[in-house]
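Worksheet: the structure to be examined is printed underneath.
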Amino acid sequence: MKNKPQKALAVLLVLILLLGIAVPSVAAGHSFADVPDGRWYTEAVQFVYEHNIMGGVGDNQFNPQGNLTRSAVTALLFRVHHGRMANAQDERSNNFTDVGNASWYAPYVAWAFNNDIVLGTSATMFNPHGNITRQEFAAMVYRYAMYMTDLYDENMTLPQWLQFTDRWDIEAWAHSALRWMNFHGIVTGSTATTINPTRRVTRAEAAIMMVRFVERLAHPQTPLPPLAPLCPGLEMRIREDFAARRPGFTPEAVRIDGYFGTYNGKVAVMICTGGAAGVVWEQEVAGFVFTYSDGRQIQIWYNGDFFFLPQAYEQGLITAEDVGNISYRYANRFSRLY
């Protein structure tokens, strides 16, 4: 039985905050012959090299277009968390028959497995030399963020996400991870319409994504405080007003499935208006995406009237900041809907 770790600041993050290290650093540091100045990945490679997150492959080469292995990702995250490479004191024993205790990656894989960051390709195999895909990379980084840092799962979606026609190809175990990574700008689209979940990650891409991840660690978002429940008197008034506009409805029959805050007297509630079970649809408002199902939709109640979110925003009843807060509270109130 693995012990759940307590969340803590990564050592690298502490150094960044205390010493004011730039992310990414732009001072000369590496001397890789295959990383010329001015490339899209040059500064990222420099940063991960200077901070011991990634090294070269030998002979003064970084191999930016080379593939990244599964074991290498465990090493990246270990080094971000501990601010150092593994040493003889780190645990090496593990349950994987293909990860020998004498291998250079054994302490990294053991650490990642013991902290639920990796699960293996089976109960006894890890496939340490397998080339990692974008969805596998996202899953490992996401688990590290959720289990080992103070970052949290906003469960929110960028409008860009809806343009990725291949998002339905993402494996279920990686869907939340890749969407979270995209929301924070750590993983972007391969094109405007593809996220490419099964494409292999290059070393240059890994360097870029690790820099973006460290930036997110250094600048976490503050979660909104929890809401007090909607007071019974106001809830009944909303039910009565809604029933008055729906022939055949009684206040008791009106379903309010969620409350997402009051904004200058405008109350955001989820009301079930009826609809086919299982139907999922998406709505974009002020750059925020809402995913609904089963006839449920957020409405704004104000002075006895009801407004759908786009209508309320367009009429100036709520601001873009209000929409963002409603989106955050909605995303963390309901189960993920794909």
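What follows draws every value from the coordinates through simple rules; no lab data is involved. In this text, all values refer to a predicted model and were calculated from it rather than measured experimentally. Because the Cβ atoms are built from the backbone with ideal geometry, glycine has one as well, and the counts that use them run over all protein chains shown.
Structure notes:
- Annotation: amide H-H contacts under 5 Å for Val285 (H modelled 1.01 Å from N, sequence separation of 5 or more, or interchain): Phe290.
- Take every Cα pair under 8 Å whose residues are at least 6 apart in sequence, average their separation, divide by the length of the chain, and the relative contact order is 15 percent.
- Cα-based convex hull volume of the chain per residue, rounded to whole Å³: 174
- Put simply, the convex hull of the Cα atoms in segment 121-223 casts, on average, a shadow of 7.0 nm².
- Projected-area mean, segment 29-72, by convex hull of Cα positions, square nanometres: 3.1
- Entry note, segment 214-325: relative contact order of 19 percent, from Cα contacts under 8 Å with a spacing of 6+ residues.
- When the chain is described by a simple charge dipole with +1 on each Lys and Arg Cβ and -1 on each Asp and Glu Cβ, the residue from Val118, Val187, Trp168 located farthest towards its positive end is Val118.
- Per-residue [θ]222 nm for the chain (sum of -39500 (n - 2.57) over DSSP H runs n ≥ 4, rounded to 500): -10500 deg cm²/dmol
- Projected-area mean, segment 232-331, by convex hull of Cα positions, square nanometres: 6.2
- Counting Lys and Arg as +1 and Asp and Glu as -1 over every other residue whose Cβ lies under 12 Å from the Cβ of Ala207, the net charge comes to 0.
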